[in-house]
1. Expressed as a whole percentage, what fraction of the accessible surface of the range 34-74 belongs to carbon and sulfur atoms when a 1.4 Å probe is rolled over the protein heavy atoms?
2. Sort 47-54, 69-76, 129-136, 28-35 for me by packing, meaning the mean count of neighbouring Cβ atoms within 10 Å per residue, highest on top.
Amino acid sequence: ARLPLWIKLPLIVLFPALIIVHYGNIFGREPGSVLACAMLTLKLLETETRRDAHMAIAFSAFVLMSALLFDSDLVFTLALLAALGLLLAALRELEPRPPDAKPQTVRGSAWEGLRASGLALFAAVPLALCVFLFFPRLGSPMWGAPTNAMART
């Protein structure tokens with residue numbers, strides 16, 4: 001059911017206010033990631049059309065990858081890769097089917113989506129290897145600021 005506007009509007013104000021109360025500001029790695037998760041929650045509450053679902057899945061992938069700002073361990077990265085595969089399978093399920101296509105069972109459709117997303121991720125491996133080998137790595141993280149630093153003018 002559609003969530004009424006009188007519930008969504010206070011949440012739009014409440015989430016950033018709670019983040020400011022807890023973290024002291026809204027800028028930085030932790031508060032920014034929390035704000036992105038809160039915005040994703042709000043996006044999921046208002047998802048009604050196929051386009052909204054596409055946007056929510058793309059935003060979910062962005063929020064998922066923001067977890068790499070905190071931990072880039074190999075096991076953690078592989079877990080994120082598995083979650084990204086699920087998001088790609090969900091995107092594939094949103095594709096419109098041709099009218100003459102035979103109906104699939106839910107299980108067959110889900111397996112086909114997972115297989116296609118696995119192939120898409122596997123096809124990206126050569127590009128990832130090229131970037132890993134030939135792209136210069138910086139000595140410090142790209143976002144550059146320590147976790148407790150504050151900018152001053």
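1. 68
2. Descending mean neighbour count gives 28-35, 47-54, 69-76, 129-136.
The values are calculated or read from the model by the stated rules, or taken from the named source; none is laboratory data. Worth saying up front: this structure is predicted, and the values here are computed from it rather than measured. Here Cβ is always computed from backbone atoms with ideal geometry, including for glycine, and neighbour counts include all displayed protein chains. Note: areas computed on protein heavy atoms with side chains; ligands, DNA, RNA excluded. Shrake-Rupley method; radii C 1.70, N 1.55, O 1.52, S 1.80 Å.
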